[in-house]
Amino acid sequence: MYAIHYIGGAINVKKMPKKQAVEYAKQINDNPTGAFTESVKLAQSAEARDIMQKRLFAKSIFHRHSDVYGMSMSELVNTVNEYCC
């Protein structure tokens with residue numbers, strides 16, 4: 001399961017076991033703090049891949065979409081966490 005943590009306009013993606021992801025999402029979503037709007041969306045692999053690809057396309061980080069489509073899930077997570085924060 002992937003926990004997609006939205007912080008203001010940035011995102012941070014974490015892969016974790018389902019039980020841990022549910023607890024993490026509940027903790028963030030039920031206790032808003034800080035100056036930025038925060039929320040966590042839980043997603044299975046296919047949905048998480050789609051969200052991360054769309055975020056990278058929106059940021060225009062890669063000139064060719066084929067570069068993004070060819071990435072593994074771990075590469076997508078690392079790239080999103082590096083460029084979309």
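Structure notes:
- Within segment 50-85, restricting attention to residues that are in contact (Cβ under 8 Å) with a residue 24 or more places away in the chain and of a type in the set (K, R), the residue that is least open to solvent (accessible area, probe 1.4 Å) is R55.
- Test set (1) on the phi > 0 side of the Ramachandran plot; (2) assigned to a strand (DSSP E or B) - H5 fails condition number: (1)
- Close pairs from segment 31-49: first outside any helix (DSSP H, G or I), partner open to solvent by less than 80 Å² (accessible area, probe 1.4 Å) and of a type in the set (D, E, K, R), Cβ under 7 Å, at least 6 apart: P32/E38
- Odd one out for A46 among (1) among the hydrophobic types (A, V, I, L, M, F, W, C); (2) open to solvent by 70 Å² or more (accessible area, probe 1.4 Å); (3) at pLDDT below 95: (3)
- Pick from segment 6-41, criterion buried (at least 17 other Cβ atoms within 10 Å of the Cβ) and under 20 Å from L76 (Cα atoms), ranking: nearest to the chain's Cα centre (by Cα): V13
The values are calculated or read from the model by the stated rules, or taken from the named source; none is laboratory data. Just so you know, these numbers come straight off a predicted model, no measurement behind them. Here Cβ is always computed from backbone atoms with ideal geometry, including for glycine, and neighbour counts include all displayed protein chains. Protein only, heavy atoms only, side chains kept; ligands, DNA and RNA dropped before computing areas. Shrake-Rupley method; radii C 1.70, N 1.55, O 1.52, S 1.80 Å.
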